[in-house]
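In what follows, a single structure is set out as structure tokens and then discussed.
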Amino acid sequence: MIRSKLPDTETSIFAVMSGLANRYNAINLSQGFPDFDISQELIDKVHRKMSEGYNQYAPMPGVPYLRQQLAAKMKRLYGADYHWETEITLTAGATQALYTAITAFIHTGDEAIIFEPAYDSYKPAIEINGGIVRPVSVHAPDFRIDWQKVKDLISPRTKLIIVNTPNNPTGSLLQKEDFINLQEITRNTDIVVISDEVYEHIIFDGFAHQSAALFPELAQRTILTFSFGKTFHATGWKLGYAIGPERLMNEFRKIHQFIVFTVNTPIQMAIAEYLENEQNYLQLPHFYQQKRDFFLEAIKDSKFKPIPCYGTYFQLLDYSEVSDLPEMEFAKWMTIEHGLASIPIAPFYHDHRDQKVLRFCFAKKEETLARAAEILCHIG
């Protein structure tokens with residue numbers, strides 16, 4: 001008899017809803033992947049690097065050229081000094097970076113604080129490593145953290161806190177005061193922080209990204225995770241990276257080397273070159289805000305009510321004026337009966353609380369968004 005390490009874990013909600021979308025030929029605004037082409041320049045660079053012979057193993061932490069580019073980028077954007085040799089590691093996507101960091105610092109019986117609704121890989125990764133999840137729930141419409149609740153959860157067994165900004169699935173942002181609170185709460189403790197910042201460049205309405213790297217004291221206990229897939233519309237490439245102080249990165253790499261050892265060499269080389277032009281990522285806020293605004297304008301006459309989205313490429317919609325069905329049932333009904341797939345928010349909470357809210361991905365062509373909006377305007 002097999003003894004499951006995750007006996008209560010079911011198939012990811014992303015797989016469930018994308019599977020339904022495929023089965024019923026629905027417009028898929030559920031899983032967060034773009035349906036438009038990535039940069040031809042970047043594709044050409046990958047081809048060239050393959051032709052130049054960069055097809056064998058990269059060094060375990062990643063290609064030096066790319067790590068140097070990332071160190072320069074962190075300095076330029078956040079004024080943070082990270083050494084490319086000892087404090088930056090390339091990973092097989094941000095999810096691997098998250099899993100590796102959690103595995104490096106969580107032991108059996110350790111407690112980890114996460115904020116719900118939480119990206120769905122945090123909890124199982126903690127539990128696989130024998131950790132205990134201590135959730136702090138935040139709620140629509142602003143999803144603000146009550147830091148007193150966090151203080152009340154801190155105990156000698158607390159070893160990890162995970163934050164995510166811009167937040168998936170809510171599109172909310174952590175502010176400067178949030179990081180100051182986190183810095184104060186963790187002062188004089190051995191708590192490690194993971195700051196999941198994969199949507200760092202997708203922020204709207206004039207807001208600036210508040211990275212953990214901006215707070216030097218906090219940064220000394222923090223592993224930051226990032227995703228080239230999100231930044232360059234290439235989610236299938238599964239290339240990300242982790243950044244953190246040497247004492248933490250040493251532990252991170254001990255685990256990383258036995259999970260993947262190293263990651264795609266020609267793509268690392270190509271992205272290193274591509275990063276030389278800052279506009280390849282600095283133009284993203286305008287690019288995605290146009291898509292968000294197009295989608296919101298297209299659904300303005302529907303009964304679906306937008307919840308403010310300041311980052312990521314996800315828009316939450318409140319459907320309470322449309323249906324009394326629970327989120328999961330309504331999301332399935334809309335996929336099957338109306339050909340539009342979304343993601344319910346309830347599965348991102350440990351208690352599956354129902355707020356009549358769905359998440360829609362707007363990283364799509366305008367014609368895709370227009371067809372989805374037409375469906376939403378006719379429902380209810």
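Would you check which residues across region 232-264 are among the hydroxyl-bearing types (Ser, Thr, Tyr) and farther than 20 Å from GLY79 by Cβ and list them? Explain how you work it out, then say what you get.
Of the residues in region 232-264, the ones among the hydroxyl-bearing types (Ser, Thr, Tyr) are 235, 241, 262.
Residues satisfying the conditions are THR235, THR262.
Restricting the first member to region 172-193 and to residues that are without any contact (Cβ under 8 Å) to a residue 12 or more places away in the chain, and the second to residues that are assigned to a helix (DSSP H, G or I) and surrounded by fewer than 17 Cβ atoms within 10 Å (Cβ to Cβ), the beta-carbon pairs closer than 9 Å and six or more apart or on different chains are GLU177/TRP147; GLU184/TRP147.
The set of residues from region 256-298 being in a loop (DSSP other than H, G, I, E, B) and within 22 Å of the chain's Cα centre (by Cα) comprises VAL260, THR262, VAL263, ASN264, LEU275, GLU278, GLN283.
Selection of first residues in region 319-337 that are at pLDDT below 95 and of second residues that are of a type in the set (S, T, N, Q), restricted to Cβ pairs under 7 Å at least 6 apart or on distinct chains, gives an empty result.
Screening region 190-249 for residues that are among the β-branched types (Val, Ile, Thr) and part of a loop (DSSP other than H, G, I, E, B) and picking the one that is surrounded by the fewest Cβ atoms within 10 Å (Cβ to Cβ) gives ILE191.
If only one of ARG76, ARG67 is at negative phi, basic (Lys, Arg) and either surrounded by fewer than 20 Cβ atoms within 10 Å (Cβ to Cβ) or touching an Asp or Glu at 6+ places or on another chain (Cβ under 6 Å) (or both), which one is it? So that I can check it myself, show each step before the final result.
Numbers: ARG67 fails: either surrounded by fewer than 20 Cβ atoms within 10 Å (Cβ to Cβ) or touching an Asp or Glu at 6+ places or on another chain (Cβ under 6 Å) (or both).
Step by step, each of ARG76, ARG67 is checked, and only ARG76 is at negative phi, basic (Lys, Arg) and either surrounded by fewer than 20 Cβ atoms within 10 Å (Cβ to Cβ) or touching an Asp or Glu at 6+ places or on another chain (Cβ under 6 Å) (or both).
Among the residues of region 279-308, just one is of a type in the set (Asp, Glu) and in contact (Cβ under 8 Å) with a residue 24 or more places away in the chain, namely ASP301.
If you take the residues of region 352-370 that are in contact (Cβ under 8 Å) with a residue 60 or more places away in the chain and surrounded by fewer than 17 Cβ atoms within 10 Å (Cβ to Cβ), which of them is farthest from ILE27 (Cα to Cα)? That would be ARG353. Only residues that are surrounded by fewer than 16 Cβ atoms within 10 Å (Cβ to Cβ) and charged (D, E, K, R) were counted in region 251-286, giving 3.
Listed here are the residues, each with its yes/no results for (1) at pLDDT below 95; (2) part of a loop (DSSP other than H, G, I, E, B); (3) hydroxyl-bearing (Ser, Thr, Tyr).
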residue	(1), (2), (3)
GLY19	yes, no, no
GLN31	yes, yes, no
HIS47	no, no, no
MET60	no, yes, no
TYR65	no, no, yes
LEU77	no, no, no
TRP84	no, yes, no
THR100	no, no, yes
GLY109	no, yes, no
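For the condition β-branched (Val, Ile, Thr) and surrounded by fewer than 17 Cβ atoms within 10 Å (Cβ to Cβ), what is the one hit in ILE27, ILE38? Break it down into steps so the answer makes sense when it comes.
Numbers: ILE27 fails: surrounded by fewer than 17 Cβ atoms within 10 Å (Cβ to Cβ).
On inspection, the qualifying residue turns out to be ILE38.
The values are calculated or read from the model by the stated rules, or taken from the named source; none is laboratory data. Everything quoted here is computed from the prediction, not taken from an experiment. When we count neighbours, we look across all protein chains shown, and the Cβ atoms used for this are built from the backbone with ideal geometry, even at glycine.
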